[in-house]
Amino acid sequence: MKQCTHADALPHPEPVPLSETCPECLAEGMDPVQLRLCLSCGHVGCCDSSPGRHAAEHHKQSGHPVMRTHEPGETWRWCFVDHVLV
């Protein structure tokens with residue numbers, strides 16, 4: 001089974017979210033569907049179901065590998081590089 005090779009390098013504690021919602025969606029006048037938190041820097045971006053796909057775009061631009069859901073009651077994480085749940 002494939003595993004994430006980046007989880008051990010994540011900062012502890014997790015970074016503080018830099019915003020309450022996706023700033024790119026706000027700037028573009030869009031509503032995010034669900035939010036994701038970058039576990040390297042705290043950037044908050046919208047999910048791939050949102051028109052902007054800003055969490056994935058943040059990964060592409062920054063190279064930061066792992067994000068987690070930023071939705072209440074959810075705790076899962078995703079590694080963009082290894083394409084697996086962490």
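The values are calculated or read from the model by the stated rules, or taken from the named source; none is laboratory data. Everything quoted here is computed from the prediction, not taken from an experiment. Ligands, DNA and RNA are excluded from the accessible area calculation, which covers all protein heavy atoms including side chains. Shrake-Rupley method; radii C 1.70, N 1.55, O 1.52, S 1.80 Å.
Among His12, His58, His70, the residue with the largest mean-square fluctuation in a Gaussian network model of the chain, with springs joining Cα atoms closer than 10 Å, is His12. Taking springs between alpha-carbon atoms closer than 10 angstrom, which of Val66, Val33, Val44 fluctuates most in the Gaussian network model of the chain? Answer for the Gaussian network model of the chain: Val33.
Two decimals is fine: what is log10 I(q)/I(0) at q = 0.13, 0.21, 0.25 Å⁻¹ for the chain, from a Debye sum with one equal scatterer on every Cα and no solvent? With one equal scatterer per Cα and no solvent, log10 I(q)/I(0) is -0.37, -0.95, -1.30.
Taking Cα pairs under 8 Å and at least six residues apart, what relative contact order does the chain come out at, in percent? Could you put the intermediate results ahead of the total?
Working: 170 pairs, mean separation 23.9, N = 86.
RCO, the chain: 28 percent.
Tell me, what % of the accessible area of the chain is carbon and sulfur with a 1.4 angstrom probe? List each step's numbers first, then the result.
Details: 2790 of 5210 Å².
Ligands and nucleic acids excluded, carbon and sulfur give 54 percent.
For the chain, the solvent-accessible area works out to 61 Å² per residue, with a probe of 1.4 Å and every protein chain left in place.
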